[in-house]
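Okay, so here's the structure we're looking at.
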Amino acid sequence: MLNYRRFKEINDLFAQGQTGKARHRLMEMQSSFIALRDEMNMLKVRVQTFEDILYLAQNLYKENGFYWLKTSGLKQGPFCPGCYENEGGLARLEKCRHGLHCPYCQANYAARTRSGTEGAEMPPRAANIIPFAR
Ligand SMILES: [Zn+2]
């Protein structure tokens, strides 16, 4: 913690012409300032991490075996249950021919009931029609 009494002490040393001693005290204060700034930055990162965890705890939920995230009233997902439960990561599942596919862990999930993927933000994939050459 910064000791404000030190500022007066340094000022007095300069006033008395003891510049070497005053400079030494200033360097000590600079070191403690740098240490405090580093600690503050580390604590800011920790607070942000806890805020992220809290946000997920309040807005992430499991429905029909998949994870979903509520953001600004929108339902995001579905997210891979394997990735979240094993590594804490949110990997959005992609629609594939037989259901859903995780692009991160490569897991495939069989198609669920309609309500399982209803409200998903994934646009329906349009069929790619290749005309026959004549
Ligand atoms: Zn996955």
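The values are calculated or read from the model by the stated rules, or taken from the named source; none is laboratory data. Because the structure is a prediction, the values reported are computed rather than measured. All Cβ positions, even for glycine, are placed from backbone atoms using ideal geometry, and neighbour counts span all protein chains on display. For the accessible areas, the whole protein counts, side chains as well, though only heavy atoms, and no ligand, DNA or RNA atoms are used. Shrake-Rupley method; radii C 1.70, N 1.55, O 1.52, S 1.80 Å.
Contact map, region 55-82: first residue closer than 17 Å to residue 93 by Cβ, second residue surrounded by fewer than 18 Cβ atoms within 10 Å (Cβ to Cβ) and among the charged types (D, E, K, R), Cβ cut-off under 6 Å, separation 6 or more or different chains; pairs are 64/112; 68/75; 76/121. The lone criterion from (1) farther than 30 Å from residue 110 by Cα; (2) in contact with a helix residue (DSSP H, G or I) (Cβ under 6 Å, 6 or more places away or on another chain); (3) open to solvent by 90 Å² or more (accessible area, probe 1.4 Å) left unmet by residue 22 is number (3).
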